[in-house]
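Since the structure comes first, as structure tokens, the remarks are kept for the end.
The values are calculated or read from the model by the stated rules, or taken from the named source; none is laboratory data. What you see is a predicted model; the values in this text were computed from it and never measured. Cβ: placed from backbone, ideal geometry, glycine included. Neighbour counts: every protein chain shown.
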Amino acid sequence: MREGNATAIQRLDYRAPTYWIATVDLTFDLDPAKTLITSKMAVKRNSAQAHGPLVLVGEELTLLRCLIDGEPVSFRQEGNDLVIDAPDRDFELTLRNTCAPEKNTALSGLYTSGGSFFTQCEAEGFRRITYFLDRPDVMAVYTVTLRADAAKYPVLLSNGNLLEQGTLDGGKHFAKWHDPFPKPSYLFAVVAGDLVAREQRITTRSGKDHLLQVYVRRGDLDKTEHAMNSLIASIVWDEKRFNLPLDLERFMVVGVSDFNMGAMENKGLNIFNTSALLCSPATATDADFQRVEAIVAHEYFHNWTGNRVTCRDWFQLSLKEGLTVFRDREFSMDMAGSASARAVQRIQQVRNLRAIQFPEDAGTMAHPVRPDSYVEINNFYTATVYEKGAEVVGLYQTLLGRDGFAKGMALYFERHDGQAVTCDDFAQAMADANPGSPLSSRLDAFKRWYSQPGTPHVAAQGEYDAEGHTYTLRLSQRNAKGPLPQVIPVRMGLVGPEGQALPLQLQGEIAARGTDTVLILEEAAQAFTFVNVMVPPVPSLLRGFSAPVLLEDGLSDPQLLTLLRFDADAFNRWEAGQRLSLKRLLRAARSGQPLQLDNAYVEAMRAVLRHADLDPAFKAEALKLPDAAYIAEQLEVVDPQAIHAAVEAAWDQLAAALRDDWAWAFDAHQVTGGYSPNAVDAGKRALANLALAMLVRGAVAQGDPVWPGRAYQRVKTASNMTERFGALAALVNAHAELAEPALVHFHALFADDALVIDKWFMLQARTPERGGAVFERAKKLLQHPDFTLKNPNRARSLLVQLCNMNPGAFHRSDAAGYVLWAEQVAAIDAINPQLAGRLARAMDRWSTLAEPYRTAAQEALKRLAERSTLSNDVREIVTKALG
Ligand code: ARG
Ligand code: ZN
């Protein structure tokens, strides 16, 4: 294992390299125990830099040969550096080295999974294949020859186009690939194995023909249809929306079951975690279908935002990730169709941002969207870089409009196609393409979104002047982690007492702006006065969640109820309901008093559930309580058990008070006919599943066997995974007696399907705690024959779910959760540092915990930090946690 002794790398230390690599010709003799790699590179002097040695980097490699223009040359190895006395001119460098793919449990570089070879080179995996200038600003044209046993590895893939293939002596064969596009090493990929492909030929708008392939293990082919359809839809969408065509004759996607992340956008050869690729109605839920569509689109969209224009250095990661998440979100919203379905997507994005990114931005690993330093870059593939980064890209579109944003994109590609650039270049293109826009006049201030960490808090206060018919809205902002005011677009409207959308005329403007507008908050405090406001309005602020901030508008319950009933913005209707819930949960969590839901609240929730016009998908979102992690972010001192108790009490009371309504909802939202993952059917299933969960919960509390029995029946007979898993979850989460036999039945049904067994672990690790039983069960599952730390999906499904996502089970007064966490982080770290780094993040917010949790968490962190063998990944996280 790599020892964690590296020092931090600083963004401002960036220097262009002394040499470039124009072309690289790689030959792989693939063997799981020892793969031989020969690399021939055309090295060019960068005349802008002083002459010096050529310093390549390689990790866990054995160097066999090093020649310049065919002649031996003097070199030395210093740690991972290969320092070559290179001449002050262009030359050809030939290297030969070996690596050991089957020993590569870190899953970075070249590794084996299920008897096949795969690579993962982002961020710094290429150096585990051969010595190289493994940095994204060095872009080369690759030619790759793969040689391997023909029987074991019938499929040999790399980036670009297949030039040649044929047989070799000794039962071997070869394939030669060429990628015409210069690319950074992190986009390099190789796949070799016994795989099969779903194929589709398409002709794009521009009239070009392309071959699309989805490669998977034999037996998984029937689970690739949705991925293929999603790929085709992505290609069509990107051409239509942004004028960005597919630039390769062949586009390949490959699934692998051992993978650290969701997927990887290697040029022309995307590699996917099977969890982000495979789905069928029998084995995947609606949410899985949705996720596959989004990730297929995400990786495809990287072909332009990431590959054609890439990052100069890893501090710019959000340049490609924030932008590509923004693009995949826009795509998913367009695919979802109706305005209501779009709002539901937005709600889910925001729920996720609040539950994961807000805590990150307030915690010990807080960093700006463009970080200033890192020890281990793998620790910075974060919710901040991805999700907050996507929010920041969304701010451009809010300020510039869709057309202005599209113009900015066009200029960005016109200027930077084929280059490795920075977030500043993107911002500049957006501003320059839109002279006279609200962005171009305040670009420097806007860019604080990249440089300041922390979630801005926006406070709003309204004042109605009944005589003057004016309404004054005072907005102010503060950010505990950043001193300068940020540019915050506040989309808003004013809602009258009867629900009317009021015209918005700002003082000094000659006409109303309609009933929905964007105010720009850019000072520490600002006031906006609306005129001709004839009735006292309720402000509906931050519509569509127009900026990633925490809003404190101090609205009263009656005002929130007005918004919940009438707001023209569906997102803010949902938000009003969340705020009503949040107030009650916070009151209980703060006081430690048992939560007692009031009648007005219960009736409002009943009205949502019974509403004649609202879509089922929206109802399901509106009836869900805020996540514990988001609740915790509103508290100065966090008692996870008090939050847990409040949330559980709220669910119990909603289950009991709305019992007949839930029963109606369950029956009224059954989908008949064949399964389709479309938003309408999925919405009905989401609401029916929530209703079933409530009915089982209520019944268990009453000792009534009817609904648990029905759920159990459904686990046995459901015709799709969404309904089957919903029923199983209803039993397990309610701690019903039938949960145990249902789990046994479910496991037996899907014993051979790893992705479904992952769900089985995940559900048990994430069950709402009751009396310590959930923690005990999770601990026992560590010994289950199906459990392994070596497969990231499996390890995550049990440990990340328990430690990072289930605060009620994890935070225990006996500290057993923390002890288990420290043991497992250390155990995983010896196998796979990246994965260990993810689990290590469970303690990010330890310092806000109430006692006895706080001291116990700190002790666990200290014990872990004292270990001598930690990776850079884990060392960076625990060091930052301890401050
Ligand atoms: N670029 C990939 C994506 O879009 C993420 C891969 C990162 N991998 C890593 N090991 N850090 O989402
Ligand atoms: Zn990405």
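Tabulated results
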quantity	calculated
Residue tally, condition in contact with a Ser or Thr (Cβ under 9 Å, 6 or more places away or on another chain) and not hydrophobic (A, V, I, L, M, F, W, C), over segment 521-539	4
Test: residue in segment 240-253 that is outside any strand (DSSP E or B), of a type in the set (A, V, I, L, M) and within 16 Å of ligand 1 (Cβ to nearest atom)	no
Residues of segment 331-353 satisfying the condition of being within 16 Å of ligand 1 (Cβ to nearest atom) and farther than 23 Å from Thr455 by Cβ	Phe331, Ser332
Residues satisfying the stated conditions in segment 354-364, i.e. surrounded by fewer than 21 Cβ atoms within 10 Å (Cβ to Cβ) and either part of a helix (DSSP H, G or I) or within 16 Å of ligand 1 (Cβ to nearest atom) (or both)	Ala355, Ala362
Segment 295-310: number of residues that are within 11 Å of ligand 2 (Cβ to nearest atom) and either touching a His at 6+ places or on another chain (Cβ under 6 Å) or of a type in the set (A, V, I, L, M, F, W, C) (or both)	3
Odd one out for Leu749 among (1) of a type in the set (A, V, I, L, M); (2) surrounded by 13 or more Cβ atoms within 10 Å (Cβ to Cβ); (3) touching a residue at least 24 places away in the same chain (Cβ under 8 Å)	(3)
Members of segment 299-310 that are outside any loop (DSSP other than H, G, I, E, B) and either under 19 Å from the mean Cα position of the chain (by Cα) or near ligand 1 (Cβ under 10 Å from one of its atoms) (or both)	Glu299, Tyr300, Phe301, Thr305
Sole exception among (1) surrounded by 22 or more Cβ atoms within 10 Å (Cβ to Cβ); (2) without any contact (Cβ under 8 Å) to a residue 40 or more places away in the chain for Ala106, by number	(2)
Residue count for segment 738-755, restricted to those that are under 27 Å from Asp704 (Cβ atoms) and small (Gly, Ala, Ser)	2
Wholly within segment 523-621, helices (runs of 4 or more DSSP H) carrying at least 2 residues that are free of Cβ contacts under 8 Å to residues at least 12 places away in the same chain	570-591, 599-610
Residue in segment 296-307 that is β-branched (Val, Ile, Thr) and surrounded by fewer than 24 Cβ atoms within 10 Å (Cβ to Cβ) present	no
For Ala197: the one exception among (1) in contact (Cβ under 8 Å) with a residue 12 or more places away in the chain; (2) part of a strand (DSSP E or B); (3) over 30 Å from Pro677 (Cβ atoms)	(3)
Some residue of segment 68-83 being more than 16 Å from ligand 1 (Cβ to nearest atom), free of Cβ contacts under 8 Å to residues at least 24 places away in the same chain and among the aromatic types (Phe, Trp, Tyr)	yes
Residue match in segment 277-292 (condition: touching a Phe, Trp or Tyr at 6+ places or on another chain (Cβ under 8 Å), of a type in the set (A, V, I, L, M, F, W, C), part of a helix (DSSP H, G or I) and at pLDDT 95 or above)	no
Residue, nearest to Cys423 (Cα to Cα), within segment 318-334, restricted to residues that are near ligand 2 (Cβ under 10 Å from one of its atoms) and among the hydrophobic types (A, V, I, L, M, F, W, C)	Leu323
Members of segment 732-775 found to be in contact with a Pro (Cβ under 9 Å, 6 or more places away or on another chain) and at positive phi, listed by number	His735
Failed criterion for Asp829 (all others in (1) within 30 Å of Gly592 (Cβ to Cβ); (2) in contact (Cβ under 8 Å) with a residue 40 or more places away in the chain hold)	(1)
Wholly within segment 27-128, strands (runs of 3 or more DSSP E) carrying at least 2 residues that are over 30 Å from Phe380 (Cα atoms)	35-45, 62-68, 75-78, 91-99
Residue match in segment 129-142 (condition: within 16 Å of ligand 1 (Cβ to nearest atom), hydrophobic (A, V, I, L, M, F, W, C), touching a Lys or Arg at 6+ places or on another chain (Cβ under 9 Å) and not in a strand (DSSP E or B))	no
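Here's the yes/no breakdown for (1) under 19 Å from the mean Cα position of the chain (by Cα); (2) closer than 28 Å to Thr274 by Cα; (3) hydrophobic (A, V, I, L, M, F, W, C):
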site	(1), (2), (3)
Lys780	no, yes, no
Met805	yes, yes, yes
Gly837	yes, yes, no
Gln858	no, no, no
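Residues checked against (1) without any contact (Cβ under 8 Å) to a residue 24 or more places away in the chain; (2) polar (S, T, N, Q); (3) in contact with a Ser or Thr (Cβ under 9 Å, 6 or more places away or on another chain); (4) surrounded by fewer than 24 Cβ atoms within 10 Å (Cβ to Cβ):
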{"position": "Phe315", "(1), (2), (3), (4)": "no, no, yes, no"}
{"position": "Leu323", "(1), (2), (3), (4)": "no, no, yes, no"}
{"position": "Arg327", "(1), (2), (3), (4)": "no, no, yes, no"}
{"position": "Ser332", "(1), (2), (3), (4)": "no, yes, no, yes"}
{"position": "Met335", "(1), (2), (3), (4)": "no, no, yes, yes"}
{"position": "Ala341", "(1), (2), (3), (4)": "no, no, no, yes"}
{"position": "Gln345", "(1), (2), (3), (4)": "yes, yes, yes, yes"}
{"position": "Gln348", "(1), (2), (3), (4)": "no, yes, no, yes"}
